[in-house]
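> Sharing a structure below in structure tokens format, with a few things to ask.
The values are calculated or read from the model by the stated rules, or taken from the named source; none is laboratory data. All values derive from a computational prediction rather than experimental measurement. As a convention, Cβ positions derive from the backbone with ideal geometry for all residues, glycine included, and neighbour counts pool all protein chains shown.
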């Protein structure tokens, strides 16, 4: 029962079902939605923010309908919903719910962090439940949340408790995909390890209690596709940790670049692509078929990863 | 004109006006609002979340009315609003707006962080503007945002750009107030500095372009009241940086503990107290007068800081 509810096991089951370790990032910037699509929503609500948020939600539904049978997971980047205020957060909540009705696991990419008592409230929002007038209610009810570990275990523990209680997961930032991540994360510590390695070791330690039947923990790590050397170091230091790998596609990471994030069992990593999938219509002069372009881009990414995994001799679905 | 719009200058002007370097934290956990007050909202809206969020907003208004003439700033902890979902974020937006109509500066304590392109969207949400159907619109329009610098300057730059364009500020996490912050932030780096010192030096560097007329930058630092020794080290390393100081009050920090956060001009720090102010009614058996207790607690805190500043001979309002 407890094992069945382990997030890492659930994730691996979905990856195996779709034979695809990839994630579509719903980084749905309102500015980038096709004009013809946006126009339908202009003036449909009293408030501009409400109309814009409705457009984001309906766009997301079309994307989800186009990719739900191909990928195991979607990742919603909170910034693009907060940018539209509380109505944007409504679009976030409704998108997460819709994705789950389509059988997708939902990662909230929110990189939340705070002191323990406060993190408990963030955890209630995304992973657990809030007590409202005497009733425990789930709020956004996503499967998984990204977290920043700068405040130490004390700021991560409330999330881990909810992971255990509700079968949820977290991914803690270790080595991020942005070029500027080197500035801080690659500084040497006195122990001889770099800061990102220290964080990696902490994350592996924090996740020990949540290792599932498949040998992976529900406490994962964010490790960017753009730094294959660092990924290799982390992979060997954190054998039981699932890596959420941003940076493939628009940020320049290739399928070969992400291979060091996988273990020899062909598991241990899920690779995210956002803009290159959901805005694949850009430059095609055929905006009306944006969903078809997204579907094709998701299929192309699956194929790209498949070839690279076969080349590495770690493709597990032959 | 540009100088007049500098956030650090605006903050100092408000501190001088109220003769009080303190901040009231609106960490308005719905669970902690008095029962008699909550009851009025039960069933007032179709959805439980909407009713609960309305209760939070109305509670905040009473607190703001009770303290707006005493303190220069309020700090809204996002976790307690997200915990109520998108309706909670509506309560956040409306509370921030109401506080500004009462002449208060508003800090969004959100500790946001991401790669550059994504941070731009967070910055649009809290500090800048989002383009909606061709019109630039402010969203939450808070004066200031807390930020986590783990991703390096690239993840902070979009905030700094909006600080400059819109006269806003940020506080970057340097040494947090939680006991567990030592685990990561106090590790030694190869340079001989601890991680929090490295972050402190980066923050001071990042803020150089935004130093205002009073000699302080709009890029501030979060430095917990619970670690006076670390605060002393940071104060001398970062003379032009304003410290946002959590941890006074409920977390155990005293007025004496926060003195190392101030410079000799009696500026350079704003001290936050949340639960000890807004939930000061707890244990008094007189819930109806919760706003009066909050007002008295805010006055007591001002007096407590005044005495400590006088003792240090840095009280600037004689």
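> Does segment A:112-121 hold any residues that are more than 7 Å from chain B (Cβ to nearest Cβ) and closer than 24 Å to residue A:224 by Cα, and which are they?
The answer is A:112, and nothing else.
> Filter segment B:68-87 down to the residues that are touching a helix residue (DSSP H, G or I) at 6+ places or on another chain (Cβ under 8 Å), closer than 30 Å to residue A:127 by Cβ and part of a strand (DSSP E or B), then identify the one that is farthest from the other protein chains (Cβ to nearest Cβ).
Among those residues, the one meeting the criterion is B:74.
For every residue, the table says whether it meets (1) facing another protein chain (nearest Cβ under 7 Å); (2) touching a residue at least 24 places away in the same chain (Cβ under 8 Å); (3) part of a helix (DSSP H, G or I); (4) crowded, with 24+ Cβ neighbours inside 10 Å.
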| residue | (1), (2), (3), (4) |
| --- | --- |
| B:89 | yes, no, yes, yes |
| B:92 | no, yes, yes, yes |
| B:110 | no, yes, no, yes |
| B:123 | no, yes, yes, yes |
| B:137 | yes, no, no, no |
| B:146 | no, yes, no, yes |
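> Checking the structure you have, find out if any residue of segment A:225-242 is in contact (Cβ under 8 Å) with a residue 60 or more places away in the chain, over 27 Å from residue A:122 (Cα atoms) and in contact with a strand residue (DSSP E or B) (Cβ under 6 Å, 6 or more places away or on another chain).
For segment A:225-242, residues in contact (Cβ under 8 Å) with a residue 60 or more places away in the chain, over 27 Å from residue A:122 (Cα atoms) and in contact with a strand residue (DSSP E or B) (Cβ under 6 Å, 6 or more places away or on another chain): present.
> If you take the residues of segment A:152-170 that are under 19 Å from residue B:186 (Cα atoms) and surrounded by 18 or more Cβ atoms within 10 Å (Cβ to Cβ), which of them is farthest from the other protein chains (Cβ to nearest Cβ)?
Only one residue fits best here, namely A:156.
> Here's a follow-up. Within segment B:171-189, can you find the residues that are more than 7 Å from every other protein chain (Cβ to nearest Cβ) and in a loop (DSSP other than H, G, I, E, B)?
Listed by number, the list holds a single entry, B:186.
> When only residues in segment B:94-103 that are under 14 Å from residue B:26 (Cβ atoms) and more than 15 Å from the chain's Cα centre (by Cα) count, which is nearest to the other protein chains (Cβ to nearest Cβ)? Can you show your working first?
Going residue by residue through segment B:94-103, those that are under 14 Å from residue B:26 (Cβ atoms) are B:94-100, B:102.
Cutting the leftovers down to more than 15 Å from the chain's Cα centre (by Cα) gives us B:94, B:97-98, B:102.
Details: B:94: 9, B:97: 11, B:98: 15, B:102: 21 Å.
Restricting to residues being under 14 Å from residue B:26 (Cβ atoms) and more than 15 Å from the chain's Cα centre (by Cα), the top hit is B:94.
> Could I ask something else about it? Is it true that residue A:225 is within 14 Å of chain B (Cβ to nearest Cβ), part of a loop (DSSP other than H, G, I, E, B) and crowded, with 24+ Cβ neighbours inside 10 Å? Break it down into steps so the answer makes sense when it comes.
Details: within 14 Å of chain B (Cβ to nearest Cβ): yes; part of a loop (DSSP other than H, G, I, E, B): yes; crowded, with 24+ Cβ neighbours inside 10 Å: yes.
Yes.
> Further question on the same structure: When you go through (1) outside any helix (DSSP H, G or I); (2) at pLDDT 95 or above; (3) surrounded by fewer than 23 Cβ atoms within 10 Å (Cβ to Cβ); (4) within 14 Å of chain A (Cβ to nearest Cβ) one by one for residue B:213, which number turns out not to apply?
It fails just one condition, (4).
Residues checked against (1) more than 14 Å from the chain's Cα centre (by Cα); (2) crowded, with 22+ Cβ neighbours inside 10 Å:
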site: A:11; (1), (2): no, yes
site: A:36; (1), (2): yes, no
site: A:39; (1), (2): yes, no
site: A:47; (1), (2): yes, no
site: A:52; (1), (2): yes, yes
site: A:59; (1), (2): yes, yes
site: A:70; (1), (2): yes, no
site: A:78; (1), (2): no, yes
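> Going residue by residue through segment B:249-269, is there one that turns out to be buried (at least 22 other Cβ atoms within 10 Å of the Cβ) and in a strand (DSSP E or B)?
yes
> Output yes when any residue across segment A:25-34 is in a loop (DSSP other than H, G, I, E, B), more than 16 Å from residue A:280 (Cα to Cα) and within 14 Å of another protein chain (Cβ to nearest Cβ), and no when none is.
Among the residues of segment A:25-34, not one is in a loop (DSSP other than H, G, I, E, B), more than 16 Å from residue A:280 (Cα to Cα) and within 14 Å of another protein chain (Cβ to nearest Cβ), which makes the answer no.
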